[in-house]
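This report concerns only the one structure given below.
The values are calculated or read from the model by the stated rules, or taken from the named source; none is laboratory data. Given the structure is predicted, the values throughout are model-derived calculations rather than measurements. Reconstructed Cβ throughout: ideal geometry from the backbone, glycine too, with neighbour counts over all protein chains shown.
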Amino acid sequence: MTKQQTNPRSLFRALSIFFAALPFAFALIRALQTGDDVRYLWVALASLCGAIAVMIVTRRSGRAPSAAVAVSAGVLIIATLLAVVAALLLGTTLGLGLLVVGAAFGFCFAAGSLLHILAGP
């Protein structure tokens with residue numbers, strides 16, 4: 001018998017999906033805890049849209065590690081910005097809590113995009 005080896009690309013792809021799903025998991029937990037507060041779902045969706053937009057605009061930047069880091073930094077900035085803007089549009093007061101949630105969602109999408117790029121086509 002031979003041991004089946006894990007393909008690093010498959011692992012990166014699975015971790016990419018995991019990180020991208022985290023903001024929605026947090027939003028779902030928040031909605032279930034409060035019973036009716038779905039604002040985090042909208043914030044996660046706005047952040048995801050920012051991440052997707054950066055990935056589309058930079059899709060031809062290559063698969064080199066330096067390009068992947070640059071793209072994920074762009075995702076972090078834009079996804080965080082859109083998360084904060086969405087929360088503000090939903091009536092949230094600008095403060096440390098909002099910035100932490102926005103940055104956390106942006107980080108999750110940035111990590112997911114980095115792993116997605118490193119997984120390859």
Inset, instruction - Determine, yes or no, whether residue 57 is without any contact (Cβ under 8 Å) to a residue 12 or more places away in the chain and of a type in the set (Val, Ile, Thr). - result: yes
Inset, instruction - Look through 68, 44, 119 and report the one residue that is at pLDDT 95 or above and touching a helix residue (DSSP H, G or I) at 6+ places or on another chain (Cβ under 8 Å). - result: 44
Legend entry - Yes/no for residue 46 being small (Gly, Ala, Ser) and free of Cβ contacts under 8 Å to residues at least 24 places away in the same chain: no
Inset, instruction - Scan the range 96-115 residue by residue and report those that are among the β-branched types (Val, Ile, Thr) and crowded, with 16+ Cβ neighbours inside 10 Å. - result: 101
Inset, instruction - From 2, 93, 34, 80, grab the single residue that is surrounded by 14 or more Cβ atoms within 10 Å (Cβ to Cβ) and either of a type in the set (Ser, Thr, Tyr) or modelled with pLDDT of 95 or more (or both). - result: 80
